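J.: Mind having a look at this structure? Questions to follow.
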Amino acid sequence: MAIQVFKPKYRVDEVLEEIKECLEIGWTGLGYKTERFEQAWNQYTGFKNSHFVASNTVGLQIAIKVLKDANKWKNGDEIITTPLTFVSSNHAVLYNNLQPVFADVDDQLCLDPKSVEARITKKTKAVMFVGLGGNIGQYKAIKELCDKYDLKLILDAAHMAGTKVVNQYHGTIITTDHAGLDADVSVFSFQSVKNLPTADGGMVCFKNKDYDALARKLSWLGIDKDTFNRTNSKGSYKWDYDVIDVGFKAHGNSIMASMGLVALKYLDEDNARRREICEIYNKEFFSLESDNLITPIFHNPECISSRHIYQIRVANRDQVMEFLNANDIFPGVHYKDNTQYEMYSYAQGSCPNAAQISKEVISLPLHMYLTNEDIQKVIDVVKKAVKW
Ligand SMILES: *Cc1c(COP(=O)(O)O)cnc(C)c1O
């Protein structure tokens, strides 16, 4: 049987039970399970303002709009971002008529603080950090840069559901925090192949409560019910509301939230299995490092990574991909350097490390249905393939 890079695992009976409740009471839309999911997510992560939306992409779009409007950024102001991401991160900047400025990545495939600092101009308003594969990379140093230069920090946490940051005091692990609590906004994805899979969904987690309130209005067409509820609390005015902006139809619904509520219960368990699989891969590939054929991408040990993705670098990547495919193994690539897309080609050549990595990187199969035999097969075929 073919071994795919991703395969979501749904707890079918439990999901159907949650959805059945929605159908029976006749409530599948905004509210009900979306509120429960937001509360459950707050409780699990420690975020205070989680807002469930239709996708990470639209969540980022709205998050940036809120930051832009509230802080009076102008069209053409800049957000420093990474070329090694899914295009959503960068499209979200452009949707808002802001300019994505690409900084280079480090060997963990996350933004390199030195490169970020070199790209800061008078127009820079924010940094978009992507925790690739669930890794925090040098997030901490980026956060310090943002504080130093008074920039907003936007975390594209599409891969980071369940990533914990380890707080170390005197070398003893005392506590962990969920990744992203200290960002201005963290945006998660619950798209169908992410490590907390629904069919589509995202969570926008603002630090600032007022920004969260704005985001909630924007995700429902700019409709502002609160003012009318306050001023006209009599029942007969319940239908009435104000509209404060050209918002979007982007809020989540109770069916997706039902899927999310179940998946959240299994998130830590699933992530632990992911880390276990990564350990098996690592043990094999790190011992080979001396022959320089395979370089596993390591995750910062200051985090307990969700391990959404397991990546290695190989010099003959395209050949290796072909060989794996011929053996019924279908890995992925995360990601093609975004500056190689026509859309972002203005920045081509500005991020040499990302360009090189983009030619070498492979994401090996990593999901809940992998057996240890599957993993061994992948390892054996990869080892053969690099010498092909
Ligand atoms: C999947 C992904 C997104 C987009 O998420 P959607 O929920 O599908 O919109 C954004 N950024 C990264 C890094 C992703 O992997």
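J.: Rounded if a/c is under 1.5, else prolate if a/b beats b/c, else oblate: with a ≥ b ≥ c from the C-alpha gyration tensor eigenvalues square-rooted, which is the range 1-89?
T.: Oblate, because a/c is 1.5 or more while a/b does not exceed b/c.
J.: Once you place label points 7 Å from the Cα toward the Cβ at GLN356 and LYS20, how far apart are they in nm?
T.: In this crude spin-label approximation the distance works out to 5.7 nm.
J.: Next up: Quick one: which residues, 5+ away or cross-chain, put their amide H under 5 Å from the amide H of ILE3? H built at 1.01 Å from N.
T.: ILE329, PHE330
J.: OK, next. Ordered by residue, what ³J(HN,Hα) values in Hz, to whole numbers, does the range 99-110 give under the Karplus form 6.51 cos²θ - 1.76 cosθ + 1.60, where θ = phi - 60° and Gly and Pro are x?
T.: Each residue of the range 99-110 in turn: 9, x, 10, 8, 10, 7, 9, 9, 6, 8, 6, 10 Hz.
J.: What translational diffusion coefficient, to the nearest whole µm²/s, does the range 150-259 have by Stokes-Einstein, given a Kirkwood radius computed over alpha-carbon pairs, a temperature of 10 °C and 1.306 mPa s viscosity?
T.: So the translational diffusion coefficient is about 96 µm²/s.
J.: Cα gyration tensor of the range 8-265, axes a ≥ b ≥ c as square roots of the eigenvalues: rounded (a/c below 1.5), prolate (a/b > b/c) or oblate? Spell out each step's value before the answer.
T.: Details: a/c = 1.95, a/b = 1.30, b/c = 1.50.
It is oblate, given that a/c is not under 1.5 and a/b is not larger than b/c.
J.: Around LYS152, which amide H atoms from residues at least 5 apart in sequence, or from another chain, sit under 5 Å from its own amide H, with H modelled in the peptide plane?
T.: The answer is ALA126, VAL127.
J.: Something else now. Quote the convex hull volume per residue of the range 267-386, based on C-alpha atoms, as a whole number of Å³.
T.: 131 Å³
J.: Nearest 500 deg cm²/dmol is fine: what mean residue ellipticity at 222 nm does the chain get from its DSSP H runs of n ≥ 4 alone, each adding -39,500 (n - 2.57), divided by its residue count?
T.: One gets -12000 deg cm²/dmol as the mean residue ellipticity at 222 nm.
Since every read-out is calculated from the coordinates, none of them should be taken as a lab result. Here the structure is a predicted model, which means the values were calculated and not measured. With ideal geometry, Cβ positions are generated from the backbone for all residues, glycine too; neighbour counts draw on all protein chains shown.
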